[in-house]
Amino acid sequence: MKAKKRLLMLLFCLFLLLTAKVLFRNLQEDELRLSDWFNPRMRVDVITTTDWLAPVIWEGTFDREALEKYYRKQNITVGLVVFAVGSLTDQYLDPFLRSASKFFMPGYKVIFYVMVDRFLQLPEMDYGPQQSFQIHLIGEERWWNDFDLMRMKLLGEHIQDHIRYEVDFLFSMSANLVFQSEFGVETLSMSVAQLHAWWYFRKTEDLPYERRPASAAYIPFGLGDFYYAGTIVGGVPLKVLDLTQEYMKGIVLDAKNGLNSTYEKYLNKYFFLNKPTKLLSPEYSWDPTFHTLRQVRSMKIAQHPIDSL
């Protein structure tokens, strides 16, 4: 009888071991490893990996097919927020939405969050079957005289209220962007920062960080990684929410001390302290008025200066 019990116990332990092996193998197969889709050696002419080992996405470094295979199984929904008030609505919103509906995450469920200060009719265009639009009317009095301040405040409120329950990944973009080619799943990560098209090609000591020690945006001379653009931020909703909250804290602290800095400088301080897990190369927000450098092989998004459209 004892021998039979020992045999049953042995068989049960063997069963558990085999089950654990199968589960572990399945987890390995489902896990997306960086080496599965990212090859930094394909672009030796640019920085492709940061000091903290985050990938920098350039044309030629990523395997979109491998990424598609993974994300199709995840059944993800991606959100895109754009704020357009006053003349921004008239000049930029139409080309932004037309190009985004064509090139932003094609083939995936996308929710466009359009924040405007007036009633808006969406432009006539070919909407994808998995695309939906939410138009949120913002009272004009709420914008006061600081667009970036109220934009970040309202973005945080909307993430808290509903966006975090509706999407898996979220991007917030400036209205004066026009998509030129696919902005796909290679851009997805926990925390996504956009490298500045102009300042990427400049020396670190020349970057225009906030240098006043009393400011919440202060980065001392000799420190800093890159200069990030305010045109695009992204990640999982709670990471974007954290960015908005830290930005608001910096604004309030500086106001108490009689100081004020720019949105981009607070953004750079945030990413200096909270390293992004993925960086988008200048190809993802290139100013077409610049001379196109040989490193920029594929312009994903064109950033148009005010009054240029």
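The values are calculated or read from the model by the stated rules, or taken from the named source; none is laboratory data. Quantities reported herein were computed from a predicted structural model and do not represent experimental measurements. Reconstructed Cβ throughout: ideal geometry from the backbone, glycine too, with neighbour counts over all protein chains shown. Side chains included, ligands, DNA and RNA excluded: accessible areas come from the protein's heavy atoms. Shrake-Rupley method; radii C 1.70, N 1.55, O 1.52, S 1.80 Å.
Key figures
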item: Subset of the range 93-109 that is touching a strand residue (DSSP E or B) at 6+ places or on another chain (Cβ under 9 Å) and among the small types (Gly, Ala, Ser) - its residue that is surrounded by the fewest Cβ atoms within 10 Å (Cβ to Cβ); result: Ser99
item: Hey, Gln194 in contact (Cβ under 8 Å) with a residue 60 or more places away in the chain and buried (at least 17 other Cβ atoms within 10 Å of the Cβ) or not; result: yes
item: Residue, nearest to Tyr227 (Cα to Cα), within the range 173-207, restricted to residues that are of a type in the set (A, V, I, L, M) and part of a strand (DSSP E or B); result: Leu195
item: Which listed residue is in contact with a Ser or Thr (Cβ under 7 Å, 6 or more places away or on another chain) and hydrophobic (A, V, I, L, M, F, W, C), from Leu273, Leu280; result: Leu280
item: From the options Ile163, Ile135, Ile159, residue that is within 23 Å of Thr244 (Cβ to Cβ), aliphatic (A, V, I, L, M), touching a Leu at 6+ places or on another chain (Cβ under 7 Å) and open to solvent by 30 Å² or more (accessible area, probe 1.4 Å); result: Ile135
item: Subset of the range 23-43 [loosely packed, with under 10 Cβ neighbours inside 10 Å and either farther than 20 Å from Gln295 by Cα or modelled with pLDDT under 95 (or both)]; result: Leu27, Gln28, Glu29, Glu31, Ser35
item: Condition met for Tyr218 (closer than 13 Å to Asn268 by Cβ and open to solvent by less than 10 Å² (accessible area, probe 1.4 Å)); result: no
item: Unmet requirement for Arg294, which otherwise passes all of (1) open to solvent by 60 Å² or more (accessible area, probe 1.4 Å); (2) at pLDDT 95 or above; (3) charged (D, E, K, R); result: (2)
item: Tabulated pairs, the range 58-75, first open to solvent by less than 30 Å² (accessible area, probe 1.4 Å), second of a type in the set (Val, Ile, Thr) and in a helix (DSSP H, G or I), C-beta under 7 angstrom, 6+ apart or interchain; result: Leu67/Val185; Tyr71/Val185
